[in-house]
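Colleague: If you scroll down you'll find the structure; I have some questions about it.
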Amino acid sequence: MKFILLYLFYALILSFALKQGALYSRVKSDRKDGNNEKPERILVIGATGGTGQELVRQLLGREYQVTAFVRNPAGLKIEHPKLTIAQGNVLDYESVEKAVRGNDAVLSALGHKRFFYPTRILSKGTHNLLRAMEKFGVSRLVCETSLGIGNSAGRLGLYYTFFTIPVILPFYFWDKARQEKLITESNVNWTIVRPGVLTNNPKHGNFRHGPDIGSYIWTVRISRGDVAEFMICQLTDDTYLKMAVAVAK
Ligand SMILES: NC(=O)c1ccc[n+]([C@@H]2O[C@H](COP(=O)([O-])OP(=O)(O)OC[C@H]3O[C@@H](n4cnc5c(N)ncnc54)[C@H](OP(=O)(O)O)[C@@H]3O)[C@@H](O)[C@H]2O)c1
């Protein structure tokens, strides 16, 4: 009994820390005006991942010039005349800088599976990305993080709040909170996209978005295809500029 109470206390404290550690839905009132010109050359970070491959496919379908940032080119099963591969690692600043140069905007779907010990892959990688973007004046960043951080803490539902996040993902989510903080403190025109649990279901097109999406009780989900579509739309839509927006079905 004592153990259960202690555990619940830990889960609640973690949820509270994730709420405080990241940003609220809109952090700055000194909104930097977006550039409504359509960007043409887009860099995708995490391009071999589930959301990343969807981003690459959909961007190419919309005639964008795409640079896919990958650790292993064999992991990307897409070929297209408008697709360039940039091999590198987000932890290696030189390779990030090379990839960012010459692009108009960046879509990041960076993630990893090193769940059970402290890592800084998301925050350090994003630090390198922001540094290169600021250096070359690449101003638009749309970054996928997750529901469960900042003012969306608790909104992945009870199962995630009291089991998955405290037991499996505490370090991962803490690094995501650091990642969000870095983005909000940067000078780029950012949008943070916080999806519910990701599925590989076909793109549905019918999903909700806004600062208050999610449920404190049920697990909310969305397909990677829908997240990718939403992220791409942000390139030409300033509704959520300098905001964190949640997306779920
Ligand atoms: N899974 C969920 O239910 C869920 C829910 C909400 C939010 N999210 C978040 O959404 C994002 C995308 O998730 P996903 O499942 O679609 O992605 P994913 O399949 O986990 O892909 C992650 C991508 O990041 C790349 N990556 C990892 N470390 C890297 C490094 N050091 N340098 C360069 N690239 C690196 C991976 O490359 P490799 O292919 O080389 O490994 C891969 O391309 C993640 O941040 C995830 O946490 C996930």
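None of the figures in this text is laboratory data; all of them are computed from the coordinates on show. Computed from a predicted structure; not experimentally measured. Reconstructed Cβ throughout: ideal geometry from the backbone, glycine too, with neighbour counts over all protein chains shown.
Colleague: Sort largest first and round to whole Å: the equivalent ellipsoid semi-axes of region 135-196, each the square root of five times a Cα gyration tensor eigenvalue.
Modeller: Equivalent ellipsoid of region 135-196: 26, 11, 8 Å, largest first.
Colleague: Compute the label zone of ASN206 within region 219-240: residues whose backbone N is under 16 Å from the point 7 Å along Cα-to-Cβ.
Modeller: Within reach of a label on ASN206: 221-223, 226.
Colleague: On the Cα set of the chain, report Rg and Dmax in Å, please.
Modeller: Radius of gyration, then largest Cα-Cα span, for the chain: 17.4, 62 Å.
Colleague: Can you grab the distance from the C-alpha centre of region 147-186 to the C-alpha centre of region 61-76, Å, no decimals?
Modeller: Centre-to-centre (Cα) distance: 28 Å.
Colleague: Please report, ordered by residue number, every helix of the chain (full DSSP H runs) that is 18 Å or longer along its axis going by C-alpha atoms and whose mean Kyte-Doolittle hydropathy reaches -1.0.
Modeller: Qualifying helices: 2-21, 121-136, 170-184.
Colleague: Next up: Given LYS82/LYS181; LYS82/LYS135; LYS19/LYS113; LYS124/LYS249, which pairs have Cα atoms separated by over 28 Å?
Modeller: LYS82/LYS181; LYS124/LYS249
Colleague: Excluding residues fewer than 8 places away in the same chain, name every one of the aspartates and glutamates whose C-alpha is closer than 15 Å to that of LYS38.
Modeller: List returned: GLU63, ASP104, ASP237, ASP238.
Colleague: Here is a follow-up. Going by how many other beta carbons lie within 10 Å of each one, how would you line up GLU40, GLU180, fewest first?
Modeller: GLU40, GLU180
Colleague: Between GLU185 and MET1, what FRET efficiency follows from the Cβ-Cβ distance if R0 is 41 Å, with the result rounded to 0.05?
Modeller: Working: r = 43 Å, r/R0 = 1.05.
That gives a FRET efficiency of 0.45.
Colleague: While we're here: Taking H placed 1.01 Å from N in the peptide plane, check which residues at least 5 places from ARG208 or on another chain put their amide H under 5 Å from its amide H.
Modeller: The answer is ALA248, LYS249.
Colleague: Turning to a different aspect of this structure: Relative contact order, percent, of region 38-248 when contacts are C-alpha pairs under 8 Å separated by at least 6 residues?
Modeller: Result for region 38-248 is 22 percent.
Colleague: Using a Gaussian network for the chain with springs between C-alpha atoms less than 10 Å apart, which of these wobbles most: LYS19, LYS135, LYS203?
Modeller: Among LYS19, LYS135, LYS203, the largest mean-square fluctuation in the Gaussian network model of the chain belongs to LYS135.
Colleague: Read phi for every residue in region 65-71 and hand back ³J(HN,Hα) as whole Hz from Karplus 6.51 cos²θ - 1.76 cosθ + 1.60, θ = phi - 60°, with x for Gly and Pro.
Modeller: 8, 10, 10, 9, 8, 9, 7
Colleague: Mind listing the long-range amide H neighbours of ALA47? Cut-off is under 5 Å, sequence gap 5 or more, other chains count too, H placed in the peptide plane at 1.01 Å from N.
Modeller: Those qualifying (amide H under 5 Å, at least 5 residues apart or on another chain) are PHE69.
Colleague: Compute a Gaussian network model of the chain, connecting alpha carbons closer than 10 Å, and tell me which residue from TYR117, TYR93, TYR64 fluctuates the most.
Modeller: Fluctuation is largest for TYR117.
Colleague: If you don't mind, another one. List every residue whose amide H lies under 5 Å from the amide H of ILE213, counting only residues 5 or more places away in sequence or on a different chain, with H placed 1.01 Å from N in the peptide plane.
Modeller: ALA246
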